[in-house]
Amino acid sequence: MLEISGLGHAYGTHRVLEGIDLKVGEGELVTIVGPSGCGKSTLLRCIAGLVPPTEGKVVLKGAPIDGVPDDLAVVFQDYSRSLLPWLTVRDNVALPLRRRGLGKAERRAQAVKALASVGLEDAAGKYPWQLSGGMQQRVSIARALAYKPTLMLMDEPFGSVDAQTREDLEDLVLQVHRAEGMTILLVTHDIDESVYLGDRVVVLARNPGRVRDELPVTLPAGRDQIGTRADAEFVRLRAEVGRLVRGVVKDSEPPDATDAEDADAEAVATAVEEPAKK
Amino acid sequence: MTPRRILLGAAGAVVVVGVLEAVSRSGLVDETSLPPASTVLKEAGKLAVDREFLVDVGATVREWLLGLLLAVLAAVPLGVLLGSVPLLGTASRALVELCRPVPSVALIPLATLLFSSPAQTNMSLIFYACLWPILVNTLYALRDVDPVAKDTLRAFGSSTPAVLWRVSLPSAAPFIATGVRIAASVALVVLISTELLVGGDNGIGIYLTETQQGGGRTDLMLAGACWAGVLGLLANTALIALERVAFRWHAARVEGIA
Ligand SMILES: Nc1ncnc2c1ncn2[C@@H]1O[C@H](COP(=O)(O)OP(=O)(O)O)[C@@H](O)[C@H]1O
Ligand SMILES: [Mg+2]
């Protein structure tokens, strides 16, 4: 469905992404992990067509994207800035539904339904600035869910919600993914989350941002917070992703890390890493 | 405004009036050039029911509002255009910064040449004076619209005009309103000055000039000036109240940050 090849991006002379190749199949949920500043948000912006990449191309459903693709929803990392303060929570969620050709009452009904799915039905009539950060983040997730896009991009969507809510929202994403057959690209810096949610985990390296490795998640599709996280396979995958991410942290210290140095750094990281510890 | 603030404000005014009264009565200054405050207030009270003075006030208010309205109609669309098209914004910047500091009173000779009636002269000068605060506020407010908010709507497939209408304009609106409020005070100052300098048939400035003819009545002049002040105060208060109601989200946010 989505095919990214040789994608690179620079802000001025600052190279942020280089040679990104990534394929995402229809209905797949791919998680992207990487250290902060490695260009995860920039990558999502390029895919969303909000930033034209300086190199390479993004092909969606066989057509190279030029501008924002149709039928896309993005959950931005800056959730509070992405909600409109002059609209109520319900109207914020309902706003994108205008493009769905629905009447006002229908839009509002769907908005309230989506808000209920993130546990915020009581906040529908409030304004975003009357809510806590975690609640605002859930509103922006509800807005994307209500839109029912075929492709959803989520940039660290659970960064400021509490642990319990976070687990509920993770399960909500899995459930919507299965029920609606949505293709989802989810960025996170949480290794456990990347394994728990993903059909596949893509690990990014920093300076410049590039794909370090990809791991298929060989866990059954039906996942649950307690059982899956205790699964031996989950523990193994988490350690594996952890090593890959740590390797990145090590090699970012010398400015021009080569692949050989990467391998060394990884070996060191492997040696010091205690398994099954986050 | 809290009752406490209203009370304090009233107390301040009473003290100033008392001091003026005392200075005038004490004989420190000539009583005809600075009449006692009580005399001025009494005359001001009489003016409130004086038919001729009300005609003057009506003329001033009409030109004031019309000039302001014309300025809003011109400055807001222009500001939106210059603020949302970076190329035009950059190209016009030098011109705007050059024209903005020119006091509109300096343009009175030009305006009297261009327009035959004093009312037109006045309104053109108000228009000029009001254009800049509104234009500059609109322009910068549009330039400063949060890019994340704009990107959000774009990502959901909104066209550029839809983003302008649904994100940029609403988020710039409080700043545009502030520009209009500033322009309204500036306009009153400019209008009364031009009335004094250009003359005409009716207007508060014309009334002030007339009080100085044939002997001169300083008490009447000050009473007229009081009413000019009241007009400015009323307009400012009304516009602030309007902003509070219309942009509650903005006030709540600003207070939240502070
Ligand atoms: N609009 C921008 N202009 C210039 N530099 C930017 C911009 N956005 C991000 N960057 C820089 O690009 C790098 C990657 O940023 P980002 O994509 O946000 O990373 P991540 O989401 O992985 O934390 C950072 O060094 C950041 O400072
Ligand atoms: Mg980011």
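The values are calculated or read from the model by the stated rules, or taken from the named source; none is laboratory data. Keep in mind that this is a model prediction, so the values were computed, not measured. Reconstructed Cβ throughout: ideal geometry from the backbone, glycine too, with neighbour counts over all protein chains shown. Ligands, DNA and RNA are stripped out before the accessible areas are found, and what is left, the full protein with its side chains, is counted by its heavy atoms. Shrake-Rupley method; radii C 1.70, N 1.55, O 1.52, S 1.80 Å.
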### Query
Within the set of pairs 6+ apart or on separate chains, which have a first residue in the range B:54-69 that is polar (S, T, N, Q), a second that is assigned to a helix (DSSP H, G or I), and C-beta atoms under 6 Å apart?
B:THR60/B:ILE204
### Task
State which residue is nearest to B:VAL76 (Cα to Cα) when the search covers only the range B:98-119 and only residues that are assigned to a helix (DSSP H, G or I) and open to solvent by 70 Å² or more (accessible area, probe 1.4 Å).
B:LEU98
### Message
I'm trying to understand the selection: among the residues of the range A:12-48, which are out of contact with any Leu (no Cβ under 8 Å at 6 or more places or on another chain), more than 12 Å from ligand 2 (Cβ to nearest atom) and without any contact (Cβ under 8 Å) to a residue 24 or more places away in the chain?
### Response
A:GLY12, A:THR13, A:HIS14
### Qualifying positions in the range B:1-49 - open to solvent by 90 Å² or more (accessible area, probe 1.4 Å) and in a helix (DSSP H, G or I)
B:PRO3, B:ARG4, B:ARG5, B:ILE6, B:LEU7, B:LEU8, B:VAL14, B:VAL15, B:ARG25, B:LEU41, B:LYS42, B:LYS46
### Task
Evaluate the range B:157-176: report whether one residue or more is over 23 Å from B:ILE134 (Cβ atoms), part of a helix (DSSP H, G or I) and either of a type outside the set (S, T, N, Q) or out of contact with any strand residue (DSSP E or B) (no Cβ under 9 Å at 6 or more places or on another chain) (or both).
yes
### Message
Out of the strands (runs of 3 or more DSSP E) lying entirely within the range A:26-75, which hold 2 or more residues that are surrounded by fewer than 16 Cβ atoms within 10 Å (Cβ to Cβ)?
### Response
A:55-60
### Message
Looking at A:LYS126, A:LYS148 in this structure, which one is basic (Lys, Arg), away from ligand 2 (no atom under 16 Å from the Cβ) and under 18 Å from the mean Cα position of the chain (by Cα)?
### Response
A:LYS148
### Residue check for A:ASP190: within 16 Å of ligand 2 (Cβ to nearest atom) and within 14 Å of chain B (Cβ to nearest Cβ)
no
### Summary
Residues of the range A:1-20 being closer than 16 Å to A:LYS40 by Cβ and away from ligand 1 (no atom under 13 Å from the Cβ), in sequence order, are A:LEU2, A:ILE4, A:GLY19
### Message
Among the residues of the range A:23-45, what is the count of those that are within 15 Å of ligand 1 (Cβ to nearest atom) and over 14 Å from B:ARG154 (Cβ atoms)?
### Response
13
## Note on the structure
Within the range A:101-155, residues touching a residue at least 24 places away in the same chain (Cβ under 8 Å), assigned to a helix (DSSP H, G or I) and among the polar types (S, T, N, Q) come out as A:GLN110, A:SER117, A:GLN136, A:GLN137, A:SER140
### Message
Given the criteria under 21 Å from B:VAL148 (Cβ atoms), over 17 Å from the mean Cα position of the chain (by Cα) and aliphatic (A, V, I, L, M), does A:LEU87 qualify?
### Response
yes
### Scan of the range A:156-187 for residues that are within 16 Å of ligand 2 (Cβ to nearest atom) and either open to solvent by 10 Å² or more (accessible area, probe 1.4 Å) or assigned to a helix (DSSP H, G or I) (or both), ordered by number
A:GLU156, A:GLY159, A:SER160
### Summary
Counting only residues that are open to solvent by 10 Å² or more (accessible area, probe 1.4 Å) and more than 9 Å from every other protein chain (Cβ to nearest Cβ), the range A:81-100 contains a total of 4
### Task
Give A:LEU43, A:LEU120, A:LEU50, A:LEU115 a once-over and let me know the one that is within 14 Å of another protein chain (Cβ to nearest Cβ) and either within 19 Å of A:VAL139 (Cα to Cα) or at pLDDT 90 or above (or both).
A:LEU50
### Query
Counting just the residues of the range B:120-158 that are touching a Phe, Trp or Tyr at 6+ places or on another chain (Cβ under 8 Å), surrounded by fewer than 24 Cβ atoms within 10 Å (Cβ to Cβ) and of a type outside the set (D, E, K, R), which one comes out farthest from the other protein chains (Cβ to nearest Cβ)?
B:SER124
### Task
Starting from residues that are more than 24 Å from the chain's Cα centre (by Cα) and outside any helix (DSSP H, G or I), keep the ones in the range B:201-258 and report whichever is nearest to the other protein chains (Cβ to nearest Cβ).
B:ALA258
### Query
What number of residues within the range A:195-214 satisfy the criterion of being in contact with a helix residue (DSSP H, G or I) (Cβ under 8 Å, 6 or more places away or on another chain) and either within 14 Å of chain B (Cβ to nearest Cβ) or within 16 Å of ligand 2 (Cβ to nearest atom) (or both)?
5
### Query
Does A:VAL30 count as of a type in the set (A, V, I, L, M, F, W, C), in contact with a Pro (Cβ under 9 Å, 6 or more places away or on another chain) and more than 14 Å from chain B (Cβ to nearest Cβ)?
no
